[in-house]
1. Kindly indicate which of I152, I133, I141, I113 is in contact with a Gly (Cβ under 7 Å, 6 or more places away or on another chain), of a type in the set (A, V, I, L, M) and open to solvent by 40 Å² or more (accessible area, probe 1.4 Å).
2. So which residues in region 62-82 are touching a helix residue (DSSP H, G or I) at 6+ places or on another chain (Cβ under 8 Å) and in a strand (DSSP E or B), if there are any at all?
3. Are there any pairs with C-beta distances below 8 angstrom linking a residue in region 171-187 that is of a type in the set (A, V, I, L, M, F, W, C) to a residue that is surrounded by fewer than 17 Cβ atoms within 10 Å (Cβ to Cβ) and part of a loop (DSSP other than H, G, I, E, B), with the two at least 6 apart or on different chains, and if so which?
4. Which members of region 68-97 meet the condition of being open to solvent by 20 Å² or more (accessible area, probe 1.4 Å) and touching a residue at least 24 places away in the same chain (Cβ under 8 Å)?
5. Going residue by residue through region 218-235, is there one that turns out to be within 18 Å of T107 (Cβ to Cβ), open to solvent by 10 Å² or more (accessible area, probe 1.4 Å), assigned to a loop (DSSP other than H, G, I, E, B) and at pLDDT below 95?
6. Got a sec? Which of T124, T107 is touching a residue at least 24 places away in the same chain (Cβ under 8 Å), under 21 Å from N190 (Cα atoms) and of a type in the set (S, T, Y)?
7. Hey, any hits in region 148-161 for a residue that's within 16 Å of I113 (Cβ to Cβ) and out of contact with any Leu (no Cβ under 7 Å at 6 or more places or on another chain)?
Amino acid sequence: MTNFVGSVLEATKEAIRALNPQNSTIYESLMVGAGGDVSLKADLMCEEILSARLRHFGHIHSEESGLIEGESQDIIYLDPLDGSANLSSLIPYYGTSVALCDPEGRTKAAAVINFCSGEAFIKTDAFALHGSIWQPIDTFIPIRPLEHASKIGIFEGSHRNAPWVLGLHQKGLKFRSPGAIALSMAYAHNVSFVLFDGEIREYDTKAGLFLCSDLHIYHDERALLISRDPIIFENLLELISQKG
């Protein structure tokens, strides 16, 4: 697994260097990707870089191009550029999400990386670590919840669900909606909750769910809730059971 994680980190560095925000051509819309969203040139650039380094480890299911044949029977779920709308608006909150699974779909390793800060969240069956991709991996520290209570949560897809927004306000729960679900899931240990209203796609959530497996999690085909706080988790389960 360390070889896989190392390859993801190196590929990510290459992708970050390739994404020059001053190069206006990277914002060009090229096609509708396999995930149903319009792919920017930036999405496809990142996919090309990551798939070239990772296809040795398995077949890749990418949000942009769909199935990319690999050299192993393992399966890689890839969102090469999570939050590409933020990139095109020069909002510094976007990155990549990668999950390596066995042929039965069990996640063996995952990485979510913030392209803007260089923060990497990585997990295998042996370790769960957080650090900077620009530093040696032996400087990474264990992923664990903050010792103090967080004042905010994250609600991705909040623009689609006014009743849940109102419900959060009535419960006195503040939130932000930064616009990159995989990246937001990677920060779930730091915030009071992560809530998502929308289609649950494996490109977006496979890595994040593995990273958050020690937290309280609920998800169905249209909603996702993660929290480190059991009281907040139960409180929000009541809200999302109303389905908005």
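The values are calculated or read from the model by the stated rules, or taken from the named source; none is laboratory data. Keep in mind it's a predicted model, so treat the numbers as computed, not measured. Cβ coordinates were reconstructed from backbone atoms using ideal geometry, including for glycine residues, and neighbour counts include every protein chain displayed. In case anyone asks, the SASA skips ligands and DNA or RNA and just uses the protein heavy atoms, side chains included. Shrake-Rupley method; radii C 1.70, N 1.55, O 1.52, S 1.80 Å.
1. Every option except I141 fails the conditions.
2. Those that are touching a helix residue (DSSP H, G or I) at 6+ places or on another chain (Cβ under 8 Å) and in a strand (DSSP E or B): S62, I68, I76, Y77, L78, D79, P80, L81, D82.
3. I181/G198
4. Answer for region 68-97, where residues must be open to solvent by 20 Å² or more (accessible area, probe 1.4 Å) and touching a residue at least 24 places away in the same chain (Cβ under 8 Å): Q73, D74, I75, Y77, S84, A85, S88, L90, I91, P92, Y93, Y94.
5. No: zero hits.
6. Of the residues listed, the single one that is touching a residue at least 24 places away in the same chain (Cβ under 8 Å), under 21 Å from N190 (Cα atoms) and of a type in the set (S, T, Y) is T124.
7. Checked against the condition, which is being within 16 Å of I113 (Cβ to Cβ) and out of contact with any Leu (no Cβ under 7 Å at 6 or more places or on another chain), region 148-161 yields no hits at all.
A quick yes/no check of all residues on (1) at pLDDT 80 or above; (2) closer than 20 Å to E69 by Cα; (3) in a helix (DSSP H, G or I):
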| residue | (1), (2), (3) |
| --- | --- |
| V5 | yes, yes, yes |
| L9 | yes, no, yes |
| R17 | yes, no, yes |
| L30 | no, no, no |
| A42 | yes, no, yes |
| I49 | yes, yes, yes |
| A52 | yes, yes, yes |
